[in-house]
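**Student:** There's a structure below that I have some questions on.
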Amino acid sequence: QVQLVESGGGLVQAGGSLRLSCAASGSIFSINDMAWYRQAPGKQRELVATITNGGSTNYVDSVKGRFTISRDNAKNTVYLQMNGLKPEDTAVYYCNARVQPIGRNFSVTTWGRGTQVTVSS
């Protein structure tokens, strides 16, 4: 069984910064793509950023130049550095990963429970 646990959310003023972390644990053979999603109240969950096992990244246009996704493969951890935060970034942020469990020849999509980010104006 694999778990993802996010941390680092909180309340910050507009223009401030936060760093989210997401650690994977359990019976992990390998982790492929990792990603951050977010869901604001009354809105659909949206993809924020992705990072491949090799370190290639992609971002939604609204966060380009402000957010940076990175990962530490040795620690099975993905990060999201968020700078220049805006009130519209307020949401619950979820970690997502494609994980191949030990003893399995397929990958499963795993989600964390989310961490709240609130940006005040």
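Values in this text are rule-based calculations from the coordinates and carry no lab data. Note that this is a predicted model, so its numbers are computed, not measured. Because the Cβ atoms are built from the backbone with ideal geometry, glycine has one as well, and the counts that use them run over all protein chains shown.
**Student:** Lysines near Lys43 by alpha-carbon distance under 30 Å, same-chain residues fewer than 8 away left out - which ones?
**Tutor:** Lys64, Lys86
**Student:** Under 10 °C and 1.306 mPa s, how fast does region 4-58 diffuse according to Stokes-Einstein, given a Kirkwood radius computed over C-alpha pairs? Answer in µm²/s, whole number.
**Tutor:** The calculation lands on 118 µm²/s.
**Student:** Around Ser121, with a cut-off of 11 angstrom between Cβ atoms, what is the net charge of the other residues, counting Lys and Arg +1 and Asp and Glu -1?
**Tutor:** Its environment carries a net charge of 0.
**Student:** Amide H to amide H under 5 Å from Val48: which residues, 5+ apart in sequence or cross-chain, H placed 1.01 Å off N in plane?
**Tutor:** Excluding prolines and chain starts, which carry no amide H, the hits are Trp36, Tyr37, Arg38.
**Student:** I would also like to ask the following. Whole number please: convex hull volume per residue, Cα atoms of the chain, in Å³.
**Tutor:** Hull volume over Cα atoms, normalised by residue count, gives 94 Å³.
**Student:** Within region 14-54, whose backbone N sits under 11 Å from a point 7 Å along Cα→Cβ of Ser62?
**Tutor:** 38-41, 43-48
**Student:** Okay, moving on. Nothing charged except the Cβ atoms of Lys and Arg (+1) and of Asp and Glu (-1): what's the magnitude of the dipole of the chain about its Cα centre? Round to the nearest 20 debye.
**Tutor:** The dipole of the chain has a size of about 100 debye.
**Student:** For region 23-39, what does the Karplus curve 6.51 cos²θ - 1.76 cosθ + 1.60, with θ = phi - 60°, yield as ³J(HN,Hα) per residue in whole Hz, taken in order and with x for Gly and Pro?
**Tutor:** Rounded to whole hertz, the list is 10, 9, 9, x, 7, 9, 8, 7, 10, 8, 5, 10, 7, 10, 10, 9, 9.
**Student:** At 0.36 nm per residue, and after removing the present C-alpha to C-alpha distance, how many nm does the segment from Ser7 to Asn83 gain when stretched out fully?
**Tutor:** Taking Ser7 through Asn83 to full extension adds about 25.7 nm, to one decimal.
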